[in-house]
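Throughout, read-outs are computed from the coordinates displayed, never taken from laboratory work. Here the structure is a predicted model, which means the values were calculated and not measured. Glycine gets a Cβ as well: all are built from the backbone with ideal geometry, and neighbour counts include every protein chain shown.
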Amino acid sequence: MSGTTSRSTPTTASESAEGPRRFEGRRIKAAIVGAGAIGRGSHLPALAELAAAGEVEIVAGVDIDSAAVEKLCADGGIPHAYTDLDRMLREQRPDLVTIGTPPTLHLTQSVAALRSGAWVWCEKPPVLSLADFDAVEAEEGTDGGPYASIVFQHRFGSGTRHVKRLLAEGALGRPLVAHCQTTWYRDAAYYAVPWRGRWATEGGGPAMGHGIHQMDLLLDLLGPWSEVRAMTARLVHDVETEDVSTALVRFENGALATIVNSVLSPDEVSRIRVDCELATVELTHLYGHSNDNWRITPVPTAPEADVAVWRDFGPDVPSSHLEQLRELIASMRAGERPRSSGADGRTSLELISALYKAAFTDTTVRAGDIGPGDPYYTVLHGGAPGWAPAATEEATA
Ligand SMILES: NC(=O)c1ccc[n+]([C@@H]2O[C@H](COP(=O)([O-])OP(=O)(O)OC[C@H]3O[C@@H](n4cnc5c(N)ncnc54)[C@H](O)[C@@H]3O)[C@@H](O)[C@H]2O)c1
């Protein structure tokens with residue numbers, strides 16, 4: 001093992017004063033932080049595939065659980081296992097750091113990686129608040145990287161690419177009304193784990209932890225939202241956060257959407273439906289999608305030739321971590337800001353923050369309303385009575 005559990009001097013912003021790194025003619029050096037379910041199950045396989053293609057070299061794994069990181073490295077043929085992120089950054093100087101640790105760590109680990117000069121690919125939820133998101137963004141390079149991007153793998157793959165293009169080109173007419181549904185089921189044992197269902201450790205309930213993927217995809221398809229109204233409830237689980245939320249969203253393009261996020265729905269589904277003037281587009285799946293999960297239903301008068309084009313999704317490329325990572329690597333080589341970073345990576349967190357504020361204050365919240373000084377900018381419960389943890393309520397009373 002290359003690392004120790006002792007604390008080491010943090011890397012500083014000055015270390016990235018060398019300017020953005022260039023990757024022409026060489027493999028991108030990647031490190032995996034977090035050897036848990038998503039690190040092992042998604043980050044390692046995606047990086048390994050790109051390593052086999054000669055694009056990347058996985059130089060290190062990091063986890064505070066030494067047995068877990070040793071196993072990750074042994075299984076993945078990764079030469080260096082660390083239990084200390086700062087030490088790994090200093091000794092290995094990776095170009096890319098993938099983060100698959102619990103949400104409370106995303107802020108400090110993203111900042112540490114950026115300060116060392118590495119690009120970041122961090123799991124959802126990005127961080128626990130818009131303030132934290134802006135703090136990460138402030139550490140990015142200004143010209144050519146390094147940039148921090150968020151894992152939103154449902155945006156990638158042939159289905160999303162095809163439908164996004166149809167919508168952007170106006171092929172289906174104007175989008176009019178949409179539904180966005182993440183109705184999942186989690187039992188009491190799931191919430192018996194102490195960090196689940198709490199604001200401080202998860203940032204929010206199913207709106208933040210589960211529904212974020214479909215809301216992010218809805219925003220990716222329909223573009224900027226302009227206002228939201230919402231309701232939340234705790235109906236089943238013994239949690240601090242909500243276990244169900246509903247929202248009404250108006251988009252800048254005029255479309256209206258309903259959103260439902262739950263962890264109490266026995267018949268689980270992830271679903272997006274967009275009714276446009278000329279056709280309804282529908283995506284029905286659970287944790288990922290391929291072309292077969294999409295359905296396009298035209299108006300009766302639509303020309304057959306047009307419908308054939310709309311329904312031609314091309315070769316099937318399922319949504320996956322690998323597809324997003326491929327695009328990220330291409331952005332790194334081009335020295336360009338990747339999709340799902342900056343304003344594009346912030347959009348679903350802003351909608352979720354607004355959803356909570358709208359629900360807890362019984363008001364309509366407009367895009368851009370939540371900034372520094374707003375209680376919902378720094379914590380998603382906003383100190384709301386009945387929702388914030390008791391100690392926070394007393395402190396803000
Ligand atoms: N994109 C998706 O579809 C998807 C799916 C599942 C989970 N996730 C996200 O991935 C993240 C991790 O979830 P998970 O299910 O893999 O959790 P997990 O508990 O299985 O793994 C987390 C790992 O992080 C390690 N860790 C804890 N503190 C650390 C530290 N200071 N430094 C390094 N490692 C540390 C733990 O030891 C553990 O091995 C969460 O943000 C979760 O929301 C995303």
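Brief remarks follow.
- Neighbours of Arg250 by Cβ distance under 10 Å: Lys/Arg scored +1, Asp/Glu scored -1, total 0.
- Test item: Cα-centred dipole of segment 157-317, Lys/Arg +1 and Asp/Glu -1 on Cβ, debye: 180
- The share of Cα pairs per 5 Å bin across segment 157-317, counted from zero up to the longest distance, runs 2, 9, 17, 19, 17, 14, 10, 7, 4, 2, 1, 0 percent.
- Pair Arg198, Leu176: separation of 7 Å Cα→Cβ label points (nm): 4.8
- Take the Cβ atoms of Glu49 and Val236, set R0 to 51 Å, and the FRET efficiency comes out at 0.80.
- Among Leu107, Val127, Val97 - extreme Cα towards positive end, dipole of segment 28-151, charges at beta-carbon: Val97
- Evaluated at q = 0.14, 0.22 Å⁻¹, the base-10 log of the normalised Debye intensity for segment 28-151, with identical point scatterers placed on the Cα atoms, takes the values -0.52, -1.28.
- Most positive-pole-ward Cα, Ala247, Ile296, Ala343, against dipole of segment 233-345 from beta carbon charges: Ala343
- Taking 27 Å as the straight-line reach from the Cα of Lys164, the lysines in range (excluding those fewer than 8 positions away in the same chain) are Lys124.
- Each peptide in 300-310, 135-145 receives the mean, over its residues, of other Cβ atoms within 10 Å, and ordering these scores from highest gives 135-145, 300-310.
- Listed peptides 40-53, 148-161 by packing density, highest first (mean Cβ within 10 Å): 148-161, 40-53
- At least 27 Å along the helix axis (C-alpha) and Kyte average at least -0.5, DSSP helices within the chain: 342-361
- Taking the Cα centre of segment 25-172 as origin and assigning +1 to Lys and Arg Cβ atoms and -1 to Asp and Glu Cβ atoms, the resulting dipole is close to 420 debye.
- Magnitude of the charge dipole for the chain, about its Cα centre and with charges confined to Cβ atoms of Lys, Arg (+1) and Asp, Glu (-1), is about 420 debye.
- Rounded to the nearest 0.05, the FRET efficiency derived from the C-beta distance between Ala67 and Glu24 at R0 = 45 Å is 0.70.
- Stokes-Einstein diffusion for the chain at 37 °C, viscosity 0.692 mPa s, with a Kirkwood radius from C-alpha pairs, works out to 150 µm²/s.
- Simple rule: put +1 on each Lys or Arg Cβ and -1 on each Asp or Glu Cβ in the chain, find the dipole, and look at Leu85, Pro224, His154; the Cα lying farthest toward the positive end is Leu85.
- Rg ratio (alpha-carbon, reference 2.2 N^0.38 Å) - segment 281-383: 1.53
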